[in-house]
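Have a look at the structure below before the remarks.
The values are calculated or read from the model by the stated rules, or taken from the named source; none is laboratory data. The structure displayed is predicted, hence computed values, not measured ones. Glycine also receives a Cβ, built like all others from the backbone with ideal geometry; neighbour counts cover every protein chain displayed. Side chains included, ligands, DNA and RNA excluded: accessible areas come from the protein's heavy atoms. Shrake-Rupley method; radii C 1.70, N 1.55, O 1.52, S 1.80 Å.
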Amino acid sequence: MGVVVCRPLETVRVVDFSDRVGEAATRLLADLGADTIKIEPPGGASTRQDAPFHDGHSLGFAMRNANKRSAVLDLSVDDELTALQTIIAEADIAFLTPAVAESIRLSELVEHAPHLVVVVSSPFGLAGPRSHWQATERTLYALSGAMSRSGRPGSIPLLPPDGLADATAATQAAWTALVAYQLRKRSGSGQIIDLSHHEAVVTGLDPAFGVQGSAAAGRSGKFRRDRPPADSYPVFPCSDGYVRLCLLAKRQWLAMFTWLGEPGEFADPIYNSIVARVQAADRLDPLIARLFLNHTGAELVEEAARRGVPLAQVLSLGDALVSDHFTSAGTVAKAEIAPGLIASVPLGCVQMDGKRLGIRSPSPALAPRPQAPVWVSGHPDPSVKPSNTGSPELPFEGLRVLDLGVIVFGAELGRAFADLGADVIKVESLAFPDGLRQTRGGEEMNASFAWGQRNKRSLGLDIRTDEGHALFLDLARNSDVVVSNFKPGTLSTLGIDHLALLEVNPRIVVLESAAFSSTGPWARRLGYGPLVRAACGISSLWRYGPEDVECWDGVTVFPDHVAARVAAVSIAAALIGRDIDGRGRHIEVAQSDVVLHQLGGLAAWEALEPGSVEPAGNRGRDVFGGVFRCAGDDEWCVIEARTEIELTSIGRVIGSTQGSLRSADLRQRVGDWALSRTPHEAMEALQAAGVPAGAMLRLPELLNDPQLTSRSTYTVLKHPALDFELPTEAADAPYGWIPKLSLTPAPRVGEQTKAICTDVLGTSDDEYQDLVGRGVLHEGTSGTGQH
């Protein structure tokens, strides 16, 4: 066994000469230990000018660039250009903008450094008809379909809060970089990844053709043009604010029914179903509202926890940052985020072996003059094979993952590895079925489960029995990773926590995730994505303005998808570290920690200037912007200007004179111009002038989006239990090269139990039949959708 590596990426060298997305991606890798150098031009990176500011520091820049070193190089000077080419060639991974890639002659550079993994980060990617287009987070919300599902039904759509799009793209960037690095370890060859922020947001923030939450079983499957009602996770007033309720499982409803005093009109077992409760919301919700109204949020949450009812206070970001849970758990603590600037901020979202991997050094000050950096980490990584071995293996081929995950997070985390070659075994029990299997009418399969559980095998196993427990440990001896997203302490109760698993397999990587971290007063709370959003300040920001009391995040599945991808990044990093020191790791990724980490810049602003962060709604964030009605039925376009040059371009497009650009009626002029055009006409005209603009797309329209089509973002998924084909994310879309991927349908409960017991555990036929007969194992059950 080699030297123990405290941070798993300590042997990995990373260069960051990128944009906001690249900065955030490399911050995540730096947290995990990568030796990361931030390259800037003379005068500093343009991202140092990002608002908000405090004492002259850009808070967004500070939070995205902690744990990095800095160097200044002028690419117009030959010697400094050569120095940059050298430092990149000596790196493992480089994040670049298209302009930097062109300046350093990237195609020539990779010929001399074939090991190099390069992520070129841009709004729409290097390829496709819109590769030259401009984008902001707000235009990406429109073009990704996220905005079409956000806001009050019958009203103007609502832009989601700032930060979520960039954070989603950054997480995808970090993931693709480590996947390509893993592929290089097997093949010896690096690659260039063409990262499109647009594509990453479409497939990662709130995917149109991806896993939905359990409450989806209670909604109509019909497509609607208007904003859908956000009634699946209702918000109720209490004496000192608001609380959000999230009733999904039958046992949760029965606990709520008892709390209500067992009203006779809801005693019928039909209300055990999400479908029936949603349909009866006009009668049920007033009863709950009366129960909650005269109690404080803290009292209600405490009582709900005692009864087993999922409930959370709707907190502001400021309230979340000073809450006892996040401060006592170490999620939020004082840190130097820029030279001389100390604030109580989210430190980081990954814990490994009991240590939070967060801010340990501030974002670097701008060097006063050009200088060439020196690598600190040793090199080369001894686990890298010689170049050009020509291995056809997928990045995670030969890896076995025991997947105990449930609902959206669990499905997405396991799928990340299953799509790329790992043998992912979904371990499930008939007694405690995955809520994702719920269907509206008891059908065998639903689209969400088909999307999230593709490429996996299912093992029907009751771990709560002595024999089932022993079988699971036998599986763990021959596996690499175990993942779960139960409430903290569940694995310990089952006798399969990380200590028990490391005892039978010292190389195993164990990831646990829950709504809230395992220490702190909220550790045992029931939690789902909607409750995480409420408790972290996202719901309070997802409003039309400070005066709005309603939250409009009831349809989004954030943060499940992006938190699962952060967890996948941490596992991939742990596997890289294991190749160096030979030991497994215990990882914790709380979804609430991910949310606060991704709101880093806003969190720092609120910490330093309390009361500064409030719902921005649809108002422009830079020089000019907003959501404008266009010709047609409920048609809209987001139009933005980040600079005076872009504002002038808007004036030219709409036919306004230079003198009127600052007039009070500019918004009205833009509105009148947009109203006479379709969203696509308005978008095309403005983008042709270099102005960020995005038509609001509805989910089906994404399949015909010319940029996504040209990049082969989607493929087709077939399942024998569904009589229709499903569009689905093509996992290989971002990569420069990757062995051919295949798609296998999501399994029935226990569909591969026999094969797994025979091939992996060596169970004899007699033993197998005995275990099935006694309910320790179960196999191939059909018609498993609950309703």
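Figures for the structure shown
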item	result
Global form of segment 1-119, assessed from the alpha-carbon gyration tensor, a/c cut-off 1.5	oblate
For segment 39-71 and segment 167-191, distance of Cα centres in Å	25 Å
Links that overshoot a 32 Å alpha carbon limit, given the list 355/754; 185/487; 250/426; 68/487	355/754; 185/487; 68/487
Size descriptor, Kirkwood hydrodynamic radius, that averages inverse alpha-carbon separations across segment 94-198, Å	15.4 Å
Under 5 Å, built H, 5+ apart or other chain: amide partners of residue 507	584
Rule-of-thumb Rg ratio for segment 564-673 [Cα; 2.2 N^0.38 Å; N residues]	1.73
Charge tally in the Cβ shell below 12 Å around residue 112, where Lys, Arg are +1 and Asp, Glu are -1, residue 112 excluded	-2
Accessible solvent surface per residue of segment 506-565, calculated while the other protein chains remain in place, 1.4 angstrom probe, Å²	26 Å²
Orientation-averaged projected area, Cα convex hull of segment 424-570 (nm²)	11.2 nm²
Rough spin-label spacing in nm, given labels placed 7 Å along Cα→Cβ, for residue 774 and residue 629	7.0 nm
Whole-percent carbon and sulfur share, accessible surface of the chain, 1.4 Å	52 percent
Theoretical gain in end-to-end length, residue 431 to residue 675 [0.36 nm per residue, Cα-Cα removed]	82.3 nm
Estimated FRET transfer efficiency when R0 is 51 angstrom, pair residue 353-residue 726 (beta carbons, to 0.05)	0.85
Rounded to whole Hz, the Karplus (6.51, -1.76, 1.60) HN-Hα couplings of segment 585-598, x for glycine and proline	8, 10, 10, 10, 10, 7, 4, 5, 5, 4, 4, 5, 4, 6
Mean Cβ neighbour count within 10 Å, used as a protection proxy, ranking 88-96, 323-331 highest first	88-96, 323-331
Fraction of beta bridges assigned by DSSP in the chain that are antiparallel (%, nearest 5)	45 percent
For segment 698-717 versus segment 606-647, the gap between their alpha-carbon centres in whole angstrom	26 Å
Low-density loop positions, chymotrypsin sites (Phe, Trp or Tyr not before Pro), segment 647-743 - DSSP coil, at most 10 other Cβ in 10 Å	724
Whole-Hz ³J(HN,Hα) from phi, Karplus 6.51 cos²θ - 1.76 cosθ + 1.60, for segment 640-656, glycine and proline x	9, 9, 8, 9, 5, 4, 5, 5, 4, 5, 4, x, 5, 5, 8, x, 8
Nearest-10 value in Å² for the accessible area of residue 315, using the 1.4 Å probe	20 Å²
Those GluC sites (Glu not before Pro) in segment 688-761 that DSSP places in a loop and that have at most 12 other beta carbons within 10 Å	725
Cα gyration tensor of segment 601-643 - equivalent ellipsoid semi-axes, whole Å, descending	29, 12, 6
Mean-position separation - Cα centroids, segment 390-442 and segment 451-465, in angstrom	7 Å
Estimated [θ] at 222 nm from DSSP helical runs (n ≥ 4, -39500 (n - 2.57)) normalised by residues in the chain, nearest 500	-10000 deg cm²/dmol
For a label point 7 Å along the Cα-to-beta-carbon line of residue 90, residues of segment 572-596 with backbone N under 16 Å	none
Along principal axes, Cα extents of segment 455-532, largest first, whole Å	35, 27, 25
Label zone at residue 291, where the point sits 7 Å out along the Cα-to-Cβ direction: segment 542-571 residues whose backbone N lies under 16 Å	none
Surrounding net charge for residue 720, when Lys and Arg each add one and Asp and Glu each subtract one, Cβ distance under 14 Å	-2
Charge context of residue 211, other residues only, Cβ under 9 angstrom, K/R +1, D/E -1	-1
